[in-house]
1. If you take the residues of segment 85-133 that are among the charged types (D, E, K, R) and touching a strand residue (DSSP E or B) at 6+ places or on another chain (Cβ under 7 Å), which of them is farthest from residue 75 (Cα to Cα)?
2. Tell me which of these residue 46 doesn't satisfy, since it passes every other one: (1) modelled with pLDDT under 90; (2) outside any helix (DSSP H, G or I); (3) among the small types (Gly, Ala, Ser); (4) surrounded by fewer than 12 Cβ atoms within 10 Å (Cβ to Cβ).
3. How about segment 57-171: which helices (runs of 4 or more DSSP H) wholly inside it have at least 3 residues that are surrounded by 13 or more Cβ atoms within 10 Å (Cβ to Cβ) and modelled with pLDDT of 90 or more?
4. Taking only pairs six or more apart or across chains, which ones have beta-carbon atoms under 8 Å, a first residue in segment 63-89 that is under 17 Å from residue 134 (Cα atoms), and a second residue that is assigned to a strand (DSSP E or B) and open to solvent by 20 Å² or more (accessible area, probe 1.4 Å)?
5. Looking at this structure, is residue 44 of a type outside the set (Asp, Glu) and over 23 Å from residue 121 (Cβ atoms)?
Amino acid sequence: MKNHKIKNLGLFFLGFLFLFVLSLGIGYFGEKFRFVECPFCKERFSNEPKDTWILIYPGLVGCGKKCPLALATLRQFQDRFPEIQSSFYFLVTDPNETEEAIQSYLAYYQKSLKIKALRPKSEEETSFYRKLGAYLPVHPSLKKRDEHGTQFFLIPPNRDFMFLIPKLGEEEWDEIRKEIEFKSIKRY
């Protein structure tokens, strides 16, 4: 009986240790940006000049919490990397949003940032952004909560893939600079 309790305690401890290490790993790697292949980026952004880096922020029109801070971060991108050609997009995450509401919301930000609205054009694109964590509400009550992710998507000039950036702090700015310098040397 005593042996059985020790065995159960050992299994419990191993399970706890496994979950602890797993959560540390998720926390560590979850904060780093990574990339995924983008099956539609070449075609979708074909009107952008060839050497342009594209930064996308998925948000909610009318958002007063996270979006203003994120759009200010896009301005920081512009200020930190004035030497590179870049385009900025606000991924409209509510498919029912009107063009008037979108333009009215972006008008304030367009005074200091050339940002354009971006709407998914296909179910494939919508599904892709959803899988990446972009909040695309399917019911009006979800939008009222004004809760959504704060990640950014950065597309390099080759348009083959997309960097997923969960936040933009000093470490991420340094990583982006390294990537831009590496891609500039490599010349797509």
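1. In the first step, residues of segment 85-133 are kept if they are among the charged types (D, E, K, R); the result is 94, 97, 99-100, 111, 114, 116, 119, 121, 123-125, 130-131.
Okay, now just the ones that are also touching a strand residue (DSSP E or B) at 6+ places or on another chain (Cβ under 7 Å), so 114, 116, 119.
Details: 114: 9, 116: 13, 119: 21 Å.
That would be 119.
2. Unmet for residue 46, out of (1) modelled with pLDDT under 90; (2) outside any helix (DSSP H, G or I); (3) among the small types (Gly, Ala, Ser); (4) surrounded by fewer than 12 Cβ atoms within 10 Å (Cβ to Cβ): (1).
3. On the way: elements: 66-80, 99-109, 123-131, 140-144.
Passing ranges, in order: 99-109.
4. Listed pairs, sorted by first residue: 88/116; 89/116; 89/117.
5. On the way: of a type outside the set (Asp, Glu): yes; over 23 Å from residue 121 (Cβ atoms): no.
Answer is no for this residue.
The values are calculated or read from the model by the stated rules, or taken from the named source; none is laboratory data. Predicted model, so just to flag it, every value in this text is computed and none were measured. Glycine gets a Cβ as well: all are built from the backbone with ideal geometry, and neighbour counts include every protein chain shown. Only protein heavy atoms, including side chains, enter the accessible area calculation; ligands, DNA and RNA are left aside. Shrake-Rupley method; radii C 1.70, N 1.55, O 1.52, S 1.80 Å.
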